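The values are calculated or read from the model by the stated rules, or taken from the named source; none is laboratory data. Source: prediction; values computed, not measured. Glycine also receives a Cβ, built like all others from the backbone with ideal geometry; neighbour counts cover every protein chain displayed.
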Amino acid sequence: MVRVGRAVGDRGTPKRESNGDMGVMIDFPRALQLELSYRVAADGTATVQVRGELDIATADQAYAYFRDVVDNQEGPVAIDLADLTFCDAAGLGVLARVAGHAKRSGRILTLTEARPSLLRIMRITGMDEAFPEVRNPSLALLSWPRQENVPAHAS
């Protein structure tokens with residue numbers, strides 16, 4: 001299940017109707033896989049909270065949600081990944097697509113609180129180019145090659 005909703009100020013207001021607002025409820029065979037909500041601070045910054053698994057089963061709905069938040073907010077948008085428990089290639093694709101959408105729309109989009117394992121994958125795949133704020137100085141000291149620089153084995 002993907003559960004998404006909106007919080008205004010400090011009050012959460014999960015939506016269950018499908019009236020075009022930011023709230024939707026979609027059932028999946030597994031228990032709650034991904035929960036998305038956002039809140040807007042007094043300075044106009046929207047923070048999307050991501051809780052659960054961002055994977056092939058939740059990718060399309062997550063992208064649509066992130067895109068809608070980016071499109072409907074005048075201020076910057078931050079995606080908080082502190083409670084993201086799993087992210088597969090489809091999930092990374094969602095983050096890359098929403099970064100591209102934000103850039104084309106002239107919006108500011110950042111990631112916060114990403115776990116070290118996700119940061120490592122983002123560095124190896126080059127996704128840290130889209131989200132420079134996730135570059136970790138301690139990870140940069142390690143000499144992990146980017147995907148395109150991995151040497152081919154000679155036969």
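The residue that is nearest to Met122 (Cα to Cα), counting only those in segment 88-103 that are of a type in the set (D, E, K, R) and part of a helix (DSSP H, G or I), is Arg97. Hey, can you tell me all the residues within segment 67-87 that are in contact with an Asp or Glu (Cβ under 6 Å, 6 or more places away or on another chain), exposed (fewer than 14 other Cβ atoms within 10 Å of the Cβ) and either part of a helix (DSSP H, G or I) or of a type in the set (D, E, K, R) (or both)? If the condition is that a residue be in contact with an Asp or Glu (Cβ under 6 Å, 6 or more places away or on another chain), exposed (fewer than 14 other Cβ atoms within 10 Å of the Cβ) and either part of a helix (DSSP H, G or I) or of a type in the set (D, E, K, R) (or both), then no residue fits. Would segment 134-143 turn up any residue that is modelled with pLDDT of 80 or more and crowded, with 16+ Cβ neighbours inside 10 Å? Within segment 134-143, not a single residue is modelled with pLDDT of 80 or more and crowded, with 16+ Cβ neighbours inside 10 Å. Can you say whether Thr112 is modelled with pLDDT of 85 or more, among the hydroxyl-bearing types (Ser, Thr, Tyr) and closer than 23 Å to Ala42 by Cβ, as far as the supplied structure shows? Yes; evaluated as a whole, the condition is true for this residue. Residues in segment 57-66 that are under 19 Å from Met122 (Cβ atoms) and in a helix (DSSP H, G or I): Ala59, Ala62, Tyr63, Phe66. Residue check, Ser117 against (1) part of a helix (DSSP H, G or I); (2) in contact with a helix residue (DSSP H, G or I) (Cβ under 8 Å, 6 or more places away or on another chain); (3) closer than 19 Å to Arg51 by Cβ, all met but one. Which one? Of everything listed in (1) part of a helix (DSSP H, G or I); (2) in contact with a helix residue (DSSP H, G or I) (Cβ under 8 Å, 6 or more places away or on another chain); (3) closer than 19 Å to Arg51 by Cβ, Ser117 misses just condition (2).
When the residues of segment 94-120 are filtered to those that are surrounded by fewer than 16 Cβ atoms within 10 Å (Cβ to Cβ) and of a type outside the set (D, E, K, R), the one that is farthest from Pro76 (Cα to Cα) is Ser117. Considering (1) modelled with pLDDT under 95; (2) surrounded by 13 or more Cβ atoms within 10 Å (Cβ to Cβ); (3) not in a helix (DSSP H, G or I), the lone condition that Ala152 does not fulfil carries the number (2).
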